[in-house]
Amino acid sequence: MYKRKIILDCDPGHDDAIAIMLAGKHEDLDLLGITVECGNQTLEKTGLNALNICQYLDIDVPVCLGSAEPIIKAVEICPAIHGESGLDGFDFPPLTKKFDERHAVTFIIQTIMNSKEKITVVTTGPMTNLALAMKMEPKIKDNIEEVVLMGGAYTNGNVTPAAEFNINCDPEAAYIVFNSGCIIKMFGLDVTRKVLVLPNIIQRMEKIDNKASVFFTKLMKVFNENQKKVFGFEGGPLHDPVTIAYLIDRKVCEMSFVHCEIDISQGSSYGRTNCDIFNYLKLPKNTYVATDIDVDRYWEIIESGIKKY
Ligand code: RIB
Ligand code: CA
């Protein structure tokens, strides 16, 4: 049976953790490795979180450390949402799993260049590792099936009125990737804010009663408390797994093909994903942007992902 080969580049992170869980055991996906960068927390912390998640969930793939800083901007982390550890709310057993020795950028380049089949790159953090890989070895672009990312918004941002966190962390990296000529699939706040982990969702997943449901439940309780404090949301938006859900079932989101430009002007819209949804500018289209999500189908995918553990 065909299994899509994917690399998951992330900065775990509560919702990144659920994306890893969803990708780690799905029969349609072949998770080749996890590459990590700074984002929601420092690289040291996001790296440890990735290792802990893989060890706890028995996901036996290489975990590679990558960029500790964005390309131009200074590091900006997000402890208000993900806590001091970057993944507050779950006590992992003692860690024995080790990092793969390769740098994330080396891993991305080697894996894509050595693959007979095209590889899908999923990003659920800033896009620094992928952008650097594209600059170091531009030929990888020919062997990328598509870049599937959580980031951006064509409506409002979540760190400035214009910008979403992942893109805002490293707008120049996003600029490089969006202008790479690769197929870009963008899942932004416009859809992820529709999939809120409301109390009934926590109860539903808790009932599955396996190691992944315990993981989901404990993490989401803390995630929700923080989302309530920062944004006033009753349930936190489960952003990052939308990327993986889309790879599992393309019907989960409606997509529109648009011209999208990343604002790197360093003004008040720095980091904005300017999506020309109405095609005002008649510029070449470079991005499939998610415009709607089937919320029920999404929770079914998450539920069935948890049941695989
Ligand atoms: O804006 C949402 C993104 O920022 C997600 O990737 C989430 O993990 C947060 O860090
Ligand atoms: Ca993330």
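The values are calculated or read from the model by the stated rules, or taken from the named source; none is laboratory data. The structure displayed is predicted, hence computed values, not measured ones. All Cβ positions, even for glycine, are placed from backbone atoms using ideal geometry, and neighbour counts span all protein chains on display. The area values use the complete protein model at the heavy-atom level, side chains included, leaving out ligands, DNA and RNA. Shrake-Rupley method; radii C 1.70, N 1.55, O 1.52, S 1.80 Å.
A single entry from Glu234, Glu225, Glu206 fulfils the requirement of being within 16 Å of ligand 1 (Cβ to nearest atom) and either under 30 Å from Gly181 (Cβ atoms) or out of contact with any Cys (no Cβ under 9 Å at 6 or more places or on another chain) (or both): Glu225.
Every test in (1) away from ligand 2 (no atom under 16 Å from the Cβ); (2) in contact (Cβ under 8 Å) with a residue 40 or more places away in the chain is passed by Glu44 save one, and that test is (2). If you go through region 113-142 and keep only what is touching a residue at least 40 places away in the same chain (Cβ under 8 Å) and assigned to a helix (DSSP H, G or I), you end up with Thr128, Asn129, Leu130, Ala131, Leu132, Met134, Lys135, Lys141. Annotation for region 145-161: at least one member residue is among the hydroxyl-bearing types (Ser, Thr, Tyr), out of contact with any Gly (no Cβ under 7 Å at 6 or more places or on another chain) and free of Cβ contacts under 8 Å to residues at least 40 places away in the same chain.
Of all the listed residues (Val148, Val159), the sole one being among the aliphatic types (A, V, I, L, M) and open to solvent by 10 Å² or more (accessible area, probe 1.4 Å) is Val159.
The lone criterion from (1) on the phi < 0 side of the Ramachandran plot; (2) of a type outside the set (Asp, Glu); (3) in contact with a helix residue (DSSP H, G or I) (Cβ under 9 Å, 6 or more places away or on another chain) left unmet by Gly13 is number (1). For region 111-128, taking the residues that are buried (at least 17 other Cβ atoms within 10 Å of the Cβ) and away from ligand 2 (no atom under 13 Å from the Cβ), the one that is nearest to Leu43 (Cα to Cα) is identified as Val121.
A single entry from Gly271, Gly267, Gly235 fulfils the requirement of being assigned to a loop (DSSP other than H, G, I, E, B) and in contact (Cβ under 8 Å) with a residue 40 or more places away in the chain: Gly271. Once region 15-41 is narrowed to residues that are without any contact (Cβ under 8 Å) to a residue 40 or more places away in the chain and touching a strand residue (DSSP E or B) at 6+ places or on another chain (Cβ under 7 Å), the residue that is surrounded by the fewest Cβ atoms within 10 Å (Cβ to Cβ) is Asp30. Checking Asp91, Asp60 one by one, the residue that is at pLDDT 95 or above, in a loop (DSSP other than H, G, I, E, B) and under 20 Å from the mean Cα position of the chain (by Cα) is Asp60 and no other. Here the condition is being within 20 Å of the chain's Cα centre (by Cα), aliphatic (A, V, I, L, M) and buried (at least 23 other Cβ atoms within 10 Å of the Cβ); of Val222, Val191, it holds for Val191 alone. Residues in region 282-309 that are of a type outside the set (Lys, Arg), out of contact with any strand residue (DSSP E or B) (no Cβ under 9 Å at 6 or more places or on another chain) and without any contact (Cβ under 8 Å) to a residue 60 or more places away in the chain: 4 in all.
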